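Enquirer: If you scroll down you'll find the structure; I have some questions about it.
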Amino acid sequence: MYYIKRIIDKEIDLKSEAFGGIQIVGPKGCGKTKTAKERCKTYIEFEDEDNRASYLSVANVKPSLFLENEKPILFDEWQDAPSIWGMVRKACDDGCDFGSFYLTGSSSKKVETAHSGIARITTIEMTTMSLFESGESNGLISLKELFENPNKEINCKSNLTIEKLIDATCRGGWPKTLEIKREESKLLLAKDYYYQICNDDISRIDNVKRNPDWTKSIIKAYARNIGTLCKNNVIYADASTSYGFSIDTFNNYVDKLKELYVIKDYDAWCPHIRTEKSLRAQKKHMFIDPSIAVAAMNLSNKYFYTDLDYFGHMFESLVYRDLTVYSNGLQGYLSHYHDKFDLEIDAVLHLEDGRYALIEIKLGSKEIEKAERNLLKVKSLIKENNLKEDSIKIREPDLMLVITAGEYAYTLDSGVKVIPIGCLKD
């Protein structure tokens, strides 16, 4: 299959001009090895059974022999031969060319290295494909262009129906799905990913035996609370009802699920626009890809045709996945806002130069008016704060967006932009 360009390519190429080694991490099956291969002339793949024994022998006896190969060199599943890390680190110290080495491997294999890779080996986190990368978003609206020109006209139309969005959410952003023809078969990848996590990877990651049923219960509890700000003890109570495991066990499993790139918690944005005590700093609970939550709940795409309320939560997770991909492409990051007065902003996209966008995520058009009010209220609070003589001045939002599952993109009289997820790109 031809290479599918990824938004993370820009970050990889940039860092390859500053570091000798690039380690790409992320969930299984997100395209790490394929992306690295695009840049390499030599592939050392430790899971290649035809060559595995000889590769491991070299790695154990004299790993520097690998340096005789044409560069850049890819070391895939390098954790099977931990000496590779030290070899690459020393090659960087000895003055190798920038971008000479790429390291990829499974998130279920964690190894301790004798030295860090600071200033030598940089680490880049990759995730599953956004709708733009999979070719489902037409990409007519660029976040980068909007930041550069907030008054830009956005009159365009998405080709994604609600049914197509449901299918994309349940299927997930796994590159392999693009090679599968039958829609029903595409759903199997996320189900298999979920099965492998619970029955194998949760124990393999650090060689500590863990209970598959407990793992399933915890992931399901996260899926039932997807997109919420509930505290961990609430999810724990949900997950442990049938099994009675301790809170310490729960926390241990959650930590490993984060290391395996299954679940992801997003921090709160805490500007002092009211009082410090009015802010809620709980993390927002999401999945790396919404298809894992769908698989955990054992639901099909057709289920959501009659339960759009629950799909609204899955849709928010889908948008978070795409915004995470797009924000990484912009050298930014995501957070959210919520205070004790129940004023909530679903997502805040921050750029490294201080610019940011307030973003509401709404499935249907009936919620757009409320979303607009929320965005304008936060902007108003920031203005009020900045008028106070003794206040810490806060930058006003550069963009206010409502991302929807709808068809049309347009700008409201207030300046708030309504954007279908099927039109968005970085």
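Enquirer: Could you calculate the contour length gain from residue 3 to residue 199, that is, 0.36 nm times the residue separation minus the distance between their Cα atoms, to one decimal place in nm? Could the numbers behind the result be given before it?
Expert: Numbers: separation 196, 0.36 × 196 = 70.56 nm, distance 3.12 nm.
Extra length from residue 3 to residue 199 when fully extended: 67.4 nm.
Enquirer: Label residue 209 and residue 309 with points 7 Å out from Cα along Cα→Cβ: what is the distance between them in nm?
Expert: 4.3
Enquirer: Across the range 9-125, how large is the tail of the calculated P(r) beyond 24 Å, expressed as a percent of all Cα pairs? Working shown, then result.
Expert: Details: 1056 of 6786 pairs.
Looking at the range 9-125, the distances longer than 24 Å represent 16 percent of pairs.
Enquirer: Counting Lys and Arg as +1 and Asp and Glu as -1, what is the net charge of the other residues whose Cβ lies under 12 Å from the Cβ of residue 296? Mind dumping the intermediate values first?
Expert: On the way: positive: 191, 216, 220, 224; negative: 289.
So the surrounding residues net to +3.
Enquirer: Now, a different point. Can you compute the charge dipole magnitude of the range 141-425 about its Cα centre, using +1 on each Lys and Arg Cβ and -1 on each Asp and Glu Cβ, nothing else charged? Give it in debye, rounded to the nearest 20. Could you put the intermediate results ahead of the total?
Expert: Values: 41 positive and 42 negative charges, 60 e Å.
That gives the range 141-425 a dipole magnitude of about 280 debye.
Enquirer: What translational diffusion coefficient, to the nearest whole µm²/s, does the range 273-426 have by Stokes-Einstein, given a Kirkwood radius computed over alpha-carbon pairs, a temperature of 10 °C and 1.306 mPa s viscosity?
Expert: Numbers: Rh = 16.7 Å.
Roughly 95 µm²/s, to the nearest whole number.
Enquirer: Ok, one more. Rounded to the nearest 20 debye, what is the charge dipole size of the range 117-199 about its Cα centre when +1 sits on each Lys and Arg Cβ and -1 on each Asp and Glu Cβ? Let's see the in-between values first.
Expert: Details: 11 positive and 12 negative charges, 34 e Å.
The calculation lands at about 160 debye.
Enquirer: Okay, moving on. With just the Cα atoms defining each centre, how far is the range 96-173 from the range 353-426? Give it in Å.
Expert: What the calculation gives is 23 Å, centre to centre.
Enquirer: Moving to a separate point now. Which whole-number percent of Cα pairs in the chain have a distance greater than 32 Å? Write out the running numbers ahead of the final one.
Expert: Values: 37877 of 90525 pairs.
When every Cα pair of the chain is considered, 42 percent fall beyond 32 Å.
Enquirer: Can you find, among 208, 59, 19, the residue sitting farthest towards the positive end of the charge dipole of the chain, where Lys and Arg contribute +1 and Asp and Glu -1 at Cβ?
Expert: Most positive-ward Cα: 208.
Enquirer: Separate question: Between residue 156 and residue 412, what is 0.36 nm times their sequence separation minus the Cα-Cα distance? Round to one decimal in nm.
Expert: Values: separation 256, 0.36 × 256 = 92.16 nm, distance 1.41 nm.
Difference between extended and current length: 90.7 nm.
Enquirer: Using Cα atoms only, what is the angle between the long axis of helix 247-259 and the major principal axis of the chain, expressed in degrees (0 to 90) to the nearest 10?
Expert: 70
Enquirer: Starting at 0 and stepping by 10 Å, how many percent of the alpha carbon pairs of the range 162-236 end up in each bin?
Expert: 17, 35, 36, 12, 1
Enquirer: For the range 296-312 and the range 210-244, compute the distance between their C-alpha centroids and round to whole Å.
Expert: Measuring centre to centre over Cα atoms gives 19 Å.
Enquirer: Can you give the Rg and Dmax of the range 83-166 based on its C-alpha atoms, in angstrom?
Expert: Both quantities, over Cα of the range 83-166: 20.9, 55 Å.
Enquirer: Using a 7 Å offset from the Cα along the Cα-to-Cβ direction at both residue 234 and residue 270, what is the distance between the two label points in nm, to one decimal?
Expert: 1.8
Enquirer: Now for a separate question. Taking neighbour Cβ counts within 10 Å as the exposure measure, how do 311, 341, 66 sort from fewest upward? It would help to have the intermediate numbers written out before the result.
Expert: Details: 311 25, 341 10, 66 20.
Ranked by crowding around the Cβ, least crowded first: 341, 66, 311.
Enquirer: Taking the beta-carbon count within 10 Å as an exposure proxy, list 297, 126 from fewest neighbours to most. Intermediate values should be presented prior to the final figure.
Expert: Working: 297 16, 126 22.
Exposure proxy ranking, most exposed first: 297, 126.
Enquirer: Assuming R0 = 30 Å, what is the FRET efficiency of residue 48 and residue 17, from their Cβ-Cβ distance, to the nearest 0.05?
Expert: On the way: r = 30 Å, r/R0 = 0.98.
My answer for the efficiency is 0.50.
Enquirer: Going 7 Å from the Cα of residue 28 toward and past its Cβ, which residues in the range 99-125 have a backbone nitrogen under 14 Å from where you end up?
Expert: Those under the cut-off are 105-110.
Enquirer: Per DSSP H run of n ≥ 4, the term is -39500 (n - 2.57); total these for the chain, divide by its residue number, and report the mean residue ellipticity at 222 nm rounded to 500 deg cm²/dmol. Before the final figure, lay out each step's value.
Expert: Details: 14 runs with 147 residues, N = 426.
Counting only the DSSP helices, I get -10500 deg cm²/dmol.
Enquirer: Take the alpha-carbon positions of the range 73-226, form their convex hull, and give its projected area averaged over all directions (one quarter of the hull surface) in nm². If you can, show how the numbers build up before the last one.
Expert: Numbers: hull surface 56.1 nm².
Result: 14.0 nm².
Enquirer: If you don't mind, there's one more thing I want to ask. Tell me, 202, 226 in order of fewest to most beta-carbon neighbours within 10 Å? Walk me through the intermediate numbers first.
Expert: Working: 202 27, 226 22.
In order of increasing Cβ crowding within 10 Å: 226, 202.
Enquirer: If you don't mind, there's one more thing I want to ask. What percent does the relative contact order of the range 141-425 come to when contacts are Cα pairs within less than 8 Å and at least six residues apart? All intermediate terms of the calculation are to be shown ahead of the outcome.
Expert: Working: 441 pairs, mean separation 63.8, N = 285.
This gives 22 percent for the range 141-425.
Enquirer: For the range 9-125, what is the charge dipole size about the Cα centre, in debye to the nearest 20, if Lys and Arg each add +1 at the Cβ and Asp and Glu each add -1 at the Cβ? Intermediate results must be reported in sequence, preceding the final value.
Expert: Working: 16 positive and 20 negative charges, 48 e Å.
So the magnitude is around 240 debye.
Enquirer: OK, next. Taking N as the number of residues in the range 362-424, what is its alpha-carbon radius of gyration divided by 2.2 N^0.38 Å?
Expert: Details: Rg = 13.9 Å, N = 63, 2.2 N^0.38 = 10.6 Å.
Working it through for the range 362-424, the quotient is 1.31.
Enquirer: May I pose another question? Quick one: plug the Kirkwood hydrodynamic radius of the range 233-276 (C-alpha pairs) into Stokes-Einstein at 25 °C, 0.890 mPa s, and report D in µm²/s. Mind showing how you got there, number by number?
Expert: Numbers: Rh = 12.6 Å.
Using the Kirkwood radius from Cα pairs, D works out to 194 µm²/s.
None of the figures in this text is laboratory data; all of them are computed from the coordinates on show. Computed from a prediction, not measured in an experiment: that's the story for all the values here. We place every Cβ from the backbone using ideal geometry, glycine too, and count neighbours over all the protein chains shown.
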